Amino acid sequence: MTTTRPARDTDRMRQSTHAADDPPRGPGEELLRAIVEACGEGVVLCDTDGVVVMVNAAAARMAPEILPGRPAASGGAAALFGHDHPEGDSREVGRGHLRLRVRREAFGIAHHAWYLRDVTAESARTDALLAERRRTEFLVEAGRRLSASLNTRRCARTAVELAVSFLADAAMVVLPPAGRRQAGWLRSVAGQHSLQEGAVTAASTARVPGLAEALAGFPPVPSRWLDPGQAPEWLLPDGFGQAGHLLVTPLPGNGVPAGALVLARREGGPAFDEEAEILVRVFAARAGAAISAAALYQEQSATNEILTRDLLPPALPVLAGLELAGSLRSAQQAGLIGGDFYDLYLSGPGAAGEPLVVLGDVCGKGARAAVLAGQVRQSLRTLLLLERRPEHLTSLLNRSLLASPSPNPYVTLVLGALRTGQRGHVLLDLAVAGHPPPLILRRDGTVQEVTAGGSLLGALQETVVTPVTVDLAPGELCLLYSDGITEAVGGPTGRQMYGGQRLKSALSTCAGMPASAAVERLEQISTEWLAGDVQDDRALLAVQARPAR
C-alpha cells in the first residue's frame, strides 16, 4: 500500500542544512533521515549549537515553526526547547489545544535530539480520572461527616462547610419553617471562619425561583440557575455584588422537606455547568438525607421525652424527720426506663393521711414493662383518693390489674405508709405483695429482715397480704429493693448470684451513713458485681429516720 505524504511535510524533509554550494548528501545522511522519519515520535535533531539539523514529519505537525538551519529555541518554540532541560528527563508543555511531552537525548557525538510526543488525549483522560477521583473523595468525605451527627443545625453547618470547600465560594442552607415560624438559614463563605445565621419570611423565600417549592418539599423540583442581579439582598453574602453565578438546589429528605442549598460563585469564576449541577445534586441528596434524619430524630426524641417523663422516678423531696434516697438502673440504659419503679405519694392540700412510698417490679423489661409500671403508679395515685392503708390498697390494685388489657399484668411491690413517732422515731406500715422483704439497718450495724409477705398482684382473684409496722429509731434505715439486686449474676467467676446474704452484709457496712450515701454505695457494689453485664432492672429506695443532732 502506497501512502502519500503531505506536500508541506515532503518539502520540509527535502530542505537541507547545508549551504547551496555544499556537496550533495551522501547515502549515510539519507539513511539517517529515513531512520528519523520512521520514529514513532516527533524528532528534532540539533547540533552542538542548538541549530536544527533535521525535523521529521511528526515533529513538523506538532511544531510547524521549527525549521532546519534555525535555532530550535527561537520564536514560538522557546517553551519547548530550554537550554536548562536535563538530558533524559521528560516534561509536558501546553501549546494551544495540544499537550506535548518533550524529552532531550544525546544523539551521537556532536548532536542531540529532542523527542516530541502528543499526549493531549492521554492528559485529558488523566485529568478526567483525577477530577472523578476528587469528586468521589469529596462525596465519601461528605457522607462520613454528614452522618456523624443527628442534630439539624450541625448537619446544616457541615453541609455549607463542605460545599464551600469544593463546590462554590459561598454556600447557604435554608431550612424549612417549623409551623408558622420563619425559615432559618446558615451560610459559609470561603476564607471566613465564622458562620452567618439568620431567618427569612415566607414572602422573601417566594421571591427566589424554586426556593419556596424546595422548602415545601414538592417533588420533583429541579435546580435553578439565578441571575445574581435579580436576587434579594439576603441571598447574597457581603462583597459578592450583583455579578457572578447562583444555583438553588433542593435538599430532598426522607419523605419530609429538608430545605434548599444555595451556592454562589464570584464574578470571573467558572459558571455552574451541567456536570457541576450533577455533582451538586448528588451532594444535596446526601445533605438532605442527613438533615431530614436529624430532624426526624429530634422530633422523635422530643416526643419520647414527653411520653417517658412520667415514667421516670420522681425527685424525692425533703420531709420533716425523714431522709429519702432512691436509685433506678434500667436493663436497657438507652431507654432509661424499665419494669422496676419507685414513687412517693404525698397528701394533697386539705387531704388527710401520711406520705406513702412504693417500690415495685412488673413482669417484663423495656418500654412495654415501663408502660405497665406507669399504669400501676397512676392507679395508686387514683386509689389513694379512696384508701390509704397499704393492705387495702394492694387489694384494690389487684382488682385493677385483673381488669387490665395487658397480657401479663403481674406486679410485685412493697407499700409503706410513713408516720412520725415519738422522740424522732419513724413508723412504717408495710404491705409486701410477692416482693422481696425489706431490710432494716439498725444503729449498731445489724441488719434485720422484715417478716412480712403476700401474694403476687394481677394473678389471683383474692390477695393475701400480712401487714407489719416497723419502728425506725433516729439514724436507722429501711431498705426497699427489687430482685434485680439479689438475682444479679456475676462476681469473680461471672456465674455467681449476688443473693440476699451479700446484700445484708453490704448494707451493714452503711451504718451511720446518710440514706443517699447508703444507696449510692449499694448501687456501686451491685454494679461492680455485674462487671458491666446488665441483666435486669435494679431499684433501691431507702427510708431513714433523721439522725438526732
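The values are calculated or read from the model by the stated rules, or taken from the named source; none is laboratory data. In this text, all values refer to a predicted model and were calculated from it rather than measured experimentally. FYI the Cβ positions are ideal-geometry reconstructions off the backbone, even for glycines, and counts take in every protein chain you see. For the accessible areas, the whole protein counts, side chains as well, though only heavy atoms, and no ligand, DNA or RNA atoms are used. Shrake-Rupley method; radii C 1.70, N 1.55, O 1.52, S 1.80 Å.
Structural remarks
- Solvent exposure of the chain, expressed per residue, is 52 Å² of accessible area, with all protein chains present and a 1.4 angstrom probe.
- Recomputing Kirkwood radius over Cα pairs in Å from the coordinates shown identifies the correct label among (i) 23.8; (ii) 31.0; (iii) 31.9 as (iii).
- Loop-located trypsin sites (Lys or Arg not before Pro) across the stretch 164-198 with a Cβ neighbour count of 13 or fewer within 10 Å are R180, R181, with loop assigned by DSSP.
- Charge tally in the Cβ shell below 15 Å around N304, where Lys, Arg are +1 and Asp, Glu are -1, N304 excluded: -1
- Rounded to the nearest 20, the Cβ-based charge dipole of the stretch 44-166 about its Cα centre (Lys and Arg +1, Asp and Glu -1) stands at 900 debye.
- Compared with the dominant principal axis of the Cα atoms in the chain, helix 152-166 is inclined by about 10°.
- Modelled FRET efficiency - R0 51 Å, T382 with D533, Cβ distances, 0.05 increments: 0.85
- Each residue, R33 and H111, gets one label point 7 Å from its Cα in the Cβ direction; the gap between the two is 1.2 nm.
- Area accessible to solvent at T493, 1.4 Å probe radius, in Å²: 80 Å²
- Solvent-accessible surface of protein heavy atoms, probed at 1.4 angstrom with all chains present, puts E523, E305 in the order E305, E523, largest first.
- Estimated FRET transfer efficiency (Q461, A178; beta-carbon r; R0 51 Å; 0.05): 0.45
- When both the stretch 447-523 and the stretch 99-150 are represented by their alpha-carbon centers, they are found 75 Å apart.
- Accessible carbon and sulfur surface of the stretch 377-477 relative to its total accessible area, %, 1.4 Å: 52 percent
- Pair R521, Q496: separation of 7 Å Cα→Cβ label points (nm): 2.0 nm
- Qualifying GluC sites (Glu not before Pro) for the stretch 69-160 [loop in DSSP, other Cβ within 10 Å: at most 10]: E87
- Surface composition of the stretch 247-320: carbon plus sulfur atoms contribute 57% of the solvent-accessible area (1.4 Å probe, protein chains only, all chains present).
- Overall, the anisotropy analysis places the stretch 396-549 in the oblate class: the square-rooted eigenvalues a ≥ b ≥ c of its C-alpha gyration tensor yield a/c not less than 1.5, with a/b not exceeding b/c.
- Extending 7 Å from the Cα toward the beta-carbon at both S301 and T469 defines two label points whose distance is 5.1 nm.
- Between A203 and T509, the contour length at 0.36 nm per residue exceeds the alpha carbon distance by 103.2 nm.
- Helical contribution to [θ] at 222 nm, DSSP H n ≥ 4, -39,500 (n - 2.57), averaged over the chain, rounded to 500: -10000 deg cm²/dmol
- With Cα atoms, 0 to 90° folded angle of helix 515-530 axis to the chain main axis: 60 degrees
- Of the accessible area of the stretch 62-209, computed with a 1.4 Å probe over protein heavy atoms only, carbon and sulfur atoms account for 52 percent.
- Each part gets one Cα centre, and for the stretch 369-422 versus the stretch 159-185 those centres are 53 Å apart.
- I306 sits with roughly 110 Å² accessible to a 1.4 Å probe, with DNA, RNA and ligands left out of the calculation.
- Put a plus charge on the Cβ of each Lys and Arg, a minus charge on the Cβ of each Asp and Glu, and nothing anywhere else: the dipole of the chain about its Cα centre is then about 1120 debye.
- Hypothetical label at R389: residues of the stretch 461-475 whose amide nitrogen lies under 13 Å (7 Å Cα-Cβ projection): 465-468
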